[in-house]
Amino acid sequence: MTLRRTILFSFCIVAGLIIISCSSNAGQNDFERQSLRTPSGYTHTNQKGQVDSSMVDPDDWRIAPMFQGYVYVSTPAYPNPVKSDIVTIELQVTGIQAINGMYLYKRNVNGQYQLLSSQPQAPLPTGLIAFSLNSVSLSDNNTYAGAIGLHRVFIYDNNNNLITYGDIKVE
């Protein structure tokens, strides 16, 4: 009887871990699908990175399920909106779990991803990780006029797992 209970208990533990793993993957997959939606708003920030609480896009700068508790966005893209200037995004890595590099991408009109900035260190040190990019780089033809509009950027780890995404408006 004890052996049967031990086997049943072990089975329940393994089944529970599998279910948690699958729901975690499902959550990550759903998050990545949501990131592919057309941007419809942006979080308004000033030159110092302060967020205008009346102009927050709830879809911007959320953290993917597999990175929650390990990474958070300390300062969303700023300034936002931006003219022909440098935009900065700051993330905080807690160090609880090793994050192998971070890469900032945009998606071109043809659907291809283009690397804009990287922090390839593996594992990343704990603390602040900052990405800076020229707003002109959001254009497919590398011009200010071509950059005007709303652009979604994506931050991935070295294993192509989406960490966060958000929108930048170029005026």
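The values are calculated or read from the model by the stated rules, or taken from the named source; none is laboratory data. Just so it is clear, the structure is predicted and the values come from calculations on it, not from any experiment. Cβ placement follows ideal geometry from the backbone for every residue including glycine, while neighbour counts extend to all protein chains displayed.
A few points about this structure:
- Here 110, 160, 141 are screened, and the one residue that is part of a loop (DSSP other than H, G, I, E, B) and under 18 Å from residue 68 (Cα atoms) is 160.
- Those residues of segment 61-76 which are in contact with a Phe, Trp or Tyr (Cβ under 8 Å, 6 or more places away or on another chain) and under 17 Å from residue 153 (Cβ atoms), in sequence order: 61, 62, 63, 64, 73, 76
- Filter result for residue 10 (more than 19 Å from residue 161 (Cβ to Cβ), part of a loop (DSSP other than H, G, I, E, B) and at pLDDT below 95): no
- Top-ranked residue in segment 58-87 [being in a strand (DSSP E or B) and crowded, with 20+ Cβ neighbours inside 10 Å; ranked as farthest from the chain's Cα centre (by Cα)]: 82
- For residue 143: the one exception among (1) at pLDDT below 95; (2) over 21 Å from residue 170 (Cα atoms): (2)
- When residues in segment 88-109 are screened for being buried (at least 16 other Cβ atoms within 10 Å of the Cβ), among the aliphatic types (A, V, I, L, M) and either touching a residue at least 40 places away in the same chain (Cβ under 8 Å) or under 26 Å from residue 146 (Cα atoms) (or both), 5 of them pass.
- Residue satisfying condition, being within 13 Å of residue 104 (Cα to Cα) and surrounded by 13 or more Cβ atoms within 10 Å (Cβ to Cβ), within set 150, 133: 133
- Set side by side, the residues 99, 168 differ, and just one is touching a helix residue (DSSP H, G or I) at 6+ places or on another chain (Cβ under 8 Å) and under 23 Å from residue 42 (Cβ atoms), which is 168.
- Some residue of segment 45-53 being modelled with pLDDT of 95 or more, within 18 Å of residue 170 (Cα to Cα) and buried (at least 18 other Cβ atoms within 10 Å of the Cβ): yes
- Checking residue 65 against (1) touching a residue at least 60 places away in the same chain (Cβ under 8 Å); (2) touching a helix residue (DSSP H, G or I) at 6+ places or on another chain (Cβ under 7 Å), the condition it does not meet: (1)
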